[in-house]
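Throughout, read-outs are computed from the coordinates displayed, never taken from laboratory work. Keep in mind that this is a model prediction, so the values were computed, not measured. Glycine gets a Cβ as well: all are built from the backbone with ideal geometry, and neighbour counts include every protein chain shown.
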Amino acid sequence: MTDTQHSSGSTDAGLLPAWEQDDLPEPPPFSPGNLFRVIGPGAILLVGSMGGGEWLVGPAIGVQYGMGLFWVATLAIILQVIFNLESIRYTLYTGEPAISGIMRLSPGPKFWAPFWVLMSGAQLGLPALAAGCAAVLFAAFAGHMPQDADAATLSYVSYGVMALTAVILLLGKTIERTLEYFSWVMIVLIFGFLLFVNIFFVPASNWATSFAGFFQVGYIPEGIDLVLLGALAATAGSGGMGNLSISNWFRDKGFGMGGKVGAIAGAFGQQEVKLSGIGKIFPISAENLRRWKIWSKYVRADQVWLWGVGAFVGMFLNVNLATGIIPAGSDISQIGAGAYQAEYMARNLWPGFWMLTLLNGFWVLFSTHLGNTDLLMRSVTDIIWAASPKARRWRGGNVSAIYYTGLAVFTLWGAFAINWGTAMELFKMSANIAGLILAIGSVQILRVNTRFLPKELQPPLWRKIAMVAIALIYTGMFAIVVRSQI
């Protein structure tokens, strides 16, 4: 099926069934009070990315190579904000996540479904950050970093981390709502601690140096680890499937036409939440365009001010603390910044900082592990849901059955795979896969939005140019990293 006739004319639906039609839901009036009630997916993405670029990669680069390289982080966050907004654009119009739009492109879901399942698994399939959670949690209570003799204990703690993740994802009416509540709490705890220790224990001169480094465009230090640089470029912000799947949370939150199609429900929600197999679009009219503009204002507030600014501040606070405490030139890529910070502040400031700093590290890493687990499960679930009519009939059309079956398989898999390398080693590999996902995804999202959306809703020229730039930049970065390894 390529073209389907609607009352408003001929609508190209690509290689999936055509959308139904309905009017765009009326958004809440745009006001400060409604703003804080409506936004939220950006909070999920923010805490779901803190443990990678901001906690692991950023401090490692800042301490070893100096702050001049962080213009890469600034550029990456700006480009990823644009990528996110374009992914969400499709969802506002159709109620489908952006990955469903990709399924509609040639050669169709039989090709793109296994391709994107494979890419999702390549980036998020190893629970590296669960192992990081176990290490900092062990250190906080044992009083020392884990040694070889503690391997068995670490394994049991890691299993507990993965079990807790599964329990959290089981709760709530919808998974998005559960994650959003959890994410707001994590933002308060993590950013509150980082602000406190930065303000009271990092010299003002270090603040100025750190801030300037985010705008020192073009600086590349000699001898830079290109794999680490690629990881920074991809994960300063979110990276890969996080950016591609942000639209899933907006669908589940009920933004735009997402309010007409349902959501992925929690296992123990009191009310059943249905998810339509195919989205809905709205006819172009003055009233629907007025509603579209209001929904778009909420989206920009969520992505630019909550997620974009939050990602920048999170990166700044983490690297500012690391460079203010850890001796310059130190290689912390294997043990992580948190252990150095905890030891320094406990020895020189107050012994209680040992546990406080490591517990903060645990929350950073755990929130990212939780977000990554949900990202993998919902990406695979939405791909299967869009691509397979049989899946939409399985268990009476209950999409949650697909999600939680995948979660059970992934949790069992993680029990075996969690000890296959350090958190940094595994994360550097997955982060560069994230860069490749951004390169491919930007081209496909641009194609989706210019093919399936009416001209009135398509991105402006500068956004189209930006999406092409994302593809070129991340393709080039991935090629450089691969060449350096070969």
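For ILE281, the residues whose amide H sits under 5 Å from its own are GLU20, GLN21, ASP22, ignoring neighbours fewer than 5 places away on the same chain, with H placed 1.01 Å from N. Note that the range 187-202 has calculated 3J(HN,Hα) couplings of 4, 4, 5, 5, 5, x, 5, 5, 4, 4, 6, 5, 5, 8, 10, 10 Hz, one per residue in order, obtained from phi through the Karplus relation 6.51 cos²θ - 1.76 cosθ + 1.60 (θ = phi - 60°); glycine and proline are x. Exposure proxy ranking for LYS280, LYS428, based on other Cβ atoms within 10 angstrom of each Cβ and starting from the fewest, stands as LYS280, LYS428. Between the helical axis of 337-348 and the dominant principal axis of the chain, each derived from Cα atoms, what acute angle in degrees is found, rounded to the nearest 10? Once rounded, the angle reads 40 degrees. Residues PHE416, PHE478, PHE111, arranged from fewest to most other Cβ atoms within 10 angstrom of their Cβ, appear as PHE416, PHE111, PHE478. Summary value for the chain: 34 percent relative contact order, contacts being C-alpha pairs under 8 angstrom separated by 6+ residues. Rounded to the nearest 10 degrees, the inclination of helix 151-170 to the longest alpha-carbon principal axis of the chain is 30 degrees.
Overall, the range 3-485 carries a charge dipole of about 1180 debye about its Cα centre when +1 sits on the Cβ of Lys and Arg and -1 on the Cβ of Asp and Glu, all other atoms neutral.
Pairs of Lys residues in the chain, spaced 8 or more positions apart or belonging to different chains, with C-alpha separations under 24 angstrom: 26 in total. Neighbour counts of C-beta atoms inside 10 Å place THR411, THR368, THR165 in the sequence THR411, THR165, THR368, starting with the fewest. Helix 399-417 axis versus longest C-alpha principal axis of the chain: approximately 30°, rounded to the nearest ten. One entry in [x] -0.26, -0.72, -0.87; [y] -0.38, -0.84, -0.95; [z] -0.30, -0.81, -0.96 is log10 I(q)/I(0) by the Debye sum over Cα atoms at q = 0.06, 0.10, 0.11 Å⁻¹ calculated from the shown coordinates; its label is [x].
Label separation (LYS455 vs VAL409): 4.5 nm, computed from points 7 Å beyond Cα along the C-beta direction. Compute the separation of the alpha-carbon centres of the range 277-302 and the range 169-196 and state it in Å as a whole number. Using only Cα atoms to place each centre, the spacing works out to 27 Å.
Taking every alpha-carbon pair under 8 Å whose residues sit at least 6 apart, the range 340-437 reaches a relative contact order of 15 percent.
Rounded to 0.05, the FRET efficiency of the TYR159 and LYS293 pair, given R0 = 30 Å and the Cβ-Cβ distance, is 0.05. Using 0.36 nm per residue and subtracting the Cα-Cα separation, the extra length available between ASN206 and ALA286 on full extension is 23.5 nm.
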